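Let me begin by presenting the structure, written as C-alpha cells, before commenting on it.
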Amino acid sequence: GTTGATTTTTTTNTSTPLFDLESYISRYDKTSETKLQRLLFIAKHSSAQEDILKSCYEMMEDHCREHGNVKRYKEIFGPDHKEGETPTDASIATSTTDSPSSSSSSPHPSTLGFHYDTAFLAEKESSSAHQLDNLEAQLKTAQVHLTKDSVRSIYLKMGEFYKARGELREALHKVKRSQDY
C-alpha cells in the first residue's frame, strides 16, 4: 500500500515541472511588452531546462506573430545572431540595442527547431505600411479640418500601432503629440 503511494508521489514529483511558465506568464497583459521581456529573461536564465526554454520561445513567437511585433521577432529569431546567442532582456527593454550580448547563455531559437519566417515578415511589413499610410492620411485630414479630438484620437491610434510593432520610442512620441491637442 504505502510503497506504491511513495513510488507514485516520487514519479509525480519528478515529472511535474517546478516552474509553471504558463501560469506565471498569464499574469501579464496579452499585448504587453513586459510579457515578452519576462519570457526572454526566463529563456536566458533557464538554458539548462530545455522544455521551459522551448516553451518560452514558442510563447514569444506566438506573441510576435499575433500582435505583428516584427521588431521583436527579428531581434529574437533573426539569423543575424551568432549561434549560442540570444538578445538580452536589456536590449528588449531599451529598444535601442539591435545586437545581442555575447554574455547570453541561452541557445539561439534555431538550435531548438524554430525557423526564421521571412514570408511572415514581408506580409506584416506590407500590411503595416498600408495601415500606417492610412493613419497618416487620416491625420492630415483631421489637421486640415482643425478637429482637435480627431487629431488626438489618431495620434493615440498611431501610438498603439507603434506599440504593437515593438517600436516603443515612436509610440511614446505619438502619445505625447496627442497631448498637444
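List the number of the failed condition for residue 134; all other conditions in (1) open to solvent by 60 Å² or more (accessible area, probe 1.4 Å); (2) within 16 Å of the chain's Cα centre (by Cα) hold.
In the conditions (1) open to solvent by 60 Å² or more (accessible area, probe 1.4 Å); (2) within 16 Å of the chain's Cα centre (by Cα), residue 134 misses (2) alone.
Of the conditions (1) open to solvent by 50 Å² or more (accessible area, probe 1.4 Å); (2) of a type outside the set (A, V, I, L, M); (3) at pLDDT 90 or above, residue 150 satisfies every one except a single condition; which number is it?
Condition not satisfied by residue 150: (1).
Return the residue satisfying two criteria in turn: it lies in segment 8-53 and is small (Gly, Ala, Ser) and open to solvent by 40 Å² or more (accessible area, probe 1.4 Å), and of such residues it is modelled with the lowest pLDDT.
So, considering only residues that are small (Gly, Ala, Ser) and open to solvent by 40 Å² or more (accessible area, probe 1.4 Å), the one modelled with the lowest pLDDT is 15.
Quick one: is residue 150 within 13 Å of residue 178 (Cβ to Cβ) and of a type in the set (Gly, Ala, Ser)?
It is true that residue 150 is within 13 Å of residue 178 (Cβ to Cβ) and of a type in the set (Gly, Ala, Ser).
Return a yes/no flag: does segment 153-161 have any residue that is at pLDDT 85 or above, among the hydrophobic types (A, V, I, L, M, F, W, C) and within 15 Å of the chain's Cα centre (by Cα).
yes
Quick check on my filter: what residues within segment 119-168 are touching a residue at least 24 places away in the same chain (Cβ under 8 Å), within 17 Å of residue 63 (Cβ to Cβ) and not polar (S, T, N, Q)?
Matches in segment 119-168: 120, 121, 124, 161, 163, 164, 165, 166, 167, 168.
The values are calculated or read from the model by the stated rules, or taken from the named source; none is laboratory data. No experiment lies behind these values; they were computed from the predicted model shown. Note: ideal-geometry Cβ built from the backbone for every residue, glycine included; neighbour counts use all protein chains shown. Heads up: the accessible areas ignore ligands, DNA and RNA and are worked out on the full protein's heavy atoms, side chains in. Shrake-Rupley method; radii C 1.70, N 1.55, O 1.52, S 1.80 Å.
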